[in-house]
Amino acid sequence: MYAVIATGGKQYRVSEGSVLRVEKLAAEVGASVEFDKVLLVGKGDQVKVGSPYLEGGKVVATVQGHGKGEKKTIVKFRRRKHYLRQGTHRQQYTEIKITSISA
């Protein structure tokens, strides 16, 4: 069984037992998190599609940890204008493990 959920402005295809990184959530490590923005649930050749979300669709996950992603370099440059700005960014994430899917 799999589902497509929306969180943090992105969509993820998840199945029970899968581990993924999503945008940072305000939850403690070990806490249970529910995602109610379920776009699609499928099992074999049976697929339920919402418009935009499924009624009664729910995905439950547990938080495994928080962290920061890899460092990205940001450069703003204007040629011939003596303008150069450099910076870096590390996106924060939450690692979750999917425990149950219901539709």
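General remarks:
- Sorted by Cβ density within 10 Å, fewest first, the residues Tyr93, Tyr83: Tyr83, Tyr93
- Anchor Lys68: aspartates and glutamates whose Cα lies under 13 Å away (excluding residues fewer than 8 positions away in-chain): Glu23, Glu95
- Structure-derived P(r) over Cα pairs in 5 Å bins from 0, in percent - corresponding label in (i) 2, 12, 20, 17, 14, 9, 8, 6, 5, 4, 3, 1, 0; (ii) 3, 15, 27, 28, 20, 7, 1; (iii) 2, 12, 22, 25, 20, 13, 4, 1, 0: (i)
- Computed 3J(HN,Hα) for the range 83-94, one whole-Hz value per residue from the Karplus formula 6.51 cos²θ - 1.76 cosθ + 1.60 where θ = phi - 60°, is 10, 8, 10, 10, x, 9, 8, 10, 6, 7, 9, 10, glycine and proline marked x.
- For the peptides 24-31, 35-42, residues were scored by their other Cβ atoms within 10 Å and the scores averaged per peptide; the highest-first order is 35-42, 24-31.
- Cross-link partners of Lys58 among lysines (Cα-Cα below 16 Å; sequence separation of 8 or more within a chain): Lys37, Lys43, Lys48, Lys97
Laboratory data are not the source of any read-out in this text; all were calculated from the coordinates shown. Note that the structure is a prediction, hence the values are computed from the model and not measured. A quick note on method: Cβ atoms are made from the backbone with ideal geometry, for glycine too, and the neighbour counts reach across all protein chains shown.
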